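Reading through the structure tokens given below for one structure.
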Amino acid sequence: MFDRFNRKINYLRISVTDRCNLKCLYCITGDEIKYLPKEKILTFEQICDVVKVAAAYGISKFRITGGEPLVRHDIVKLVKMISDVKNVKDLSLTTNAVLLEKYAKPLAEAGLHRVNISLDTVDPEKFRHVTRGGDLKQVFAGIEAAKKYGLKPIKVNCVVKQNSDEPDAVAVKEYCLKNGLQPRFIKQMDLEEGVFGTVEGGSGGNCEKCNRLRLTCDGKIKPCLFSDIEFDIKTIGIEKALEFALKSKPEQGGRNLKNIFSNIGG
Ligand code: SAM
């Protein structure tokens, strides 16, 4: 399907939870962490209903994100349910990889094609600091497991302050080259201030070429990461929410005062 600026929309990002096992400083912003009550979170059936309608409308690429998608109870079952939907051609998942050592094999068996892994530094101390307590060893073990079970190509998302010449980014690039991973450098964004830019080594952040819609974990279809516009599948239904999101997709991103990265998925 095409939007009013003739952009082909064929990609849906699905946030399956607003909870995360890391608390990255640039992602979970604000004074206190507010989680949605459990009863507001979409069930697996509701998520799959959206996937079915989206796939029938011509969306063929789906990415599962969060929060941290691997903390959602029974995530493997959800992946299997989504991968079984007709016309789901590319199914990927964005993760911090903390739990990936445990899940890589069952996820691959359930039909997941590939993973994007977030990694901003290969220095254990800095990692602990930026994630507020994370253990880098778990991430490395998760990456090894993803390689072992063929969740490839493995892309690595590295958030930088300005560009990939920064020492942490240079070290991440070296690690990626050594390990057969594809690094992408994302300049730190600000939803509230409308600060965003293109992803070095990737396709995000380029409004002219944007091909995506988003589903939040409580059932809002959003046409743009940098916009407050959203349509609630629970009140107007999936078809209308998708149609309205397509019709109102802005030409360019602006600001988003309703979300933080951790509850929309990045
Ligand atoms: N928990 C998963 C993970 O860590 O990959 C998925 C959700 S996370 C919100 C998705 C992506 O958003 C991550 O790659 C993260 O680095 C990125 N992200 C979060 N806050 C960001 C910010 N302020 N600017 C740019 N990217 C950001």
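Counting just the residues of region 245-257 that are within 24 Å of Thr17 (Cα to Cα) and touching a Lys or Arg at 6+ places or on another chain (Cβ under 9 Å), which one comes out farthest from the ligand (Cβ to nearest atom)?
This residue is Leu246.
Looking only at residues in region 97-127 that are part of a helix (DSSP H, G or I) and either in contact (Cβ under 8 Å) with a residue 60 or more places away in the chain or among the basic types (Lys, Arg) (or both), which one is surrounded by the most Cβ atoms within 10 Å (Cβ to Cβ)?
Within region 97-127, the match that is surrounded by the most Cβ atoms within 10 Å (Cβ to Cβ) is Lys105.
Is it the case that Gly237 is more than 27 Å from Gln46 (Cα to Cα) and either over 17 Å from the mean Cα position of the chain (by Cα) or open to solvent by less than 70 Å² (accessible area, probe 1.4 Å) (or both)?
Criteria not met by Gly237.
Checking the condition under 15 Å from Asp3 (Cα atoms), assigned to a strand (DSSP E or B), open to solvent by less than 20 Å² (accessible area, probe 1.4 Å) and in contact (Cβ under 8 Å) with a residue 60 or more places away in the chain, which residue from Leu213, Leu242 passes?
Residue meeting the stated conditions: Leu213.
Residues Leu70, Leu25, Leu91: which one is open to solvent by 60 Å² or more (accessible area, probe 1.4 Å), aliphatic (A, V, I, L, M) and touching a Ser or Thr at 6+ places or on another chain (Cβ under 9 Å)?
One residue alone meets the criteria, Leu25.
Please pick out the residue among Gly266, Gly204, Gly197 that is over 15 Å from the mean Cα position of the chain (by Cα) and either under 25 Å from Leu119 (Cα atoms) or part of a loop (DSSP other than H, G, I, E, B) (or both).
Gly197
Suppose we filter region 73-88 for residues that are farther than 20 Å from Ile264 by Cα, in a helix (DSSP H, G or I) and either open to solvent by less than 60 Å² (accessible area, probe 1.4 Å) or touching a Leu at 6+ places or on another chain (Cβ under 8 Å) (or both); how many remain?
Final tally of qualifying residues: 3.
Read through the list (1) open to solvent by 10 Å² or more (accessible area, probe 1.4 Å); (2) in a helix (DSSP H, G or I), then give the number of the only condition that Ala146 fails.
Going through (1) open to solvent by 10 Å² or more (accessible area, probe 1.4 Å); (2) in a helix (DSSP H, G or I) one by one, Ala146 breaks only (1).
Does region 43-71 hold any residues that are assigned to a loop (DSSP other than H, G, I, E, B) and within 11 Å of the ligand (Cβ to nearest atom), and which are they?
Gly66, Gly67, Glu68
Just need a number here: residues in region 1-32 that are hydrophobic (A, V, I, L, M, F, W, C) and free of Cβ contacts under 8 Å to residues at least 40 places away in the same chain.
Here the count works out to 1.
Return the total of residues in region 201-224 being within 12 Å of the ligand (Cβ to nearest atom) and at pLDDT below 95.
Residues flagged as within 12 Å of the ligand (Cβ to nearest atom) and at pLDDT below 95 within region 201-224 amount to 3.
The values are calculated or read from the model by the stated rules, or taken from the named source; none is laboratory data. Since the model is a prediction, treat every value here as computed from it, not as a measurement. With ideal geometry, Cβ positions are generated from the backbone for all residues, glycine too; neighbour counts draw on all protein chains shown. Heavy atoms of the whole protein, side chains included, go into the accessibility calculation; ligands, DNA and RNA do not. Shrake-Rupley method; radii C 1.70, N 1.55, O 1.52, S 1.80 Å.
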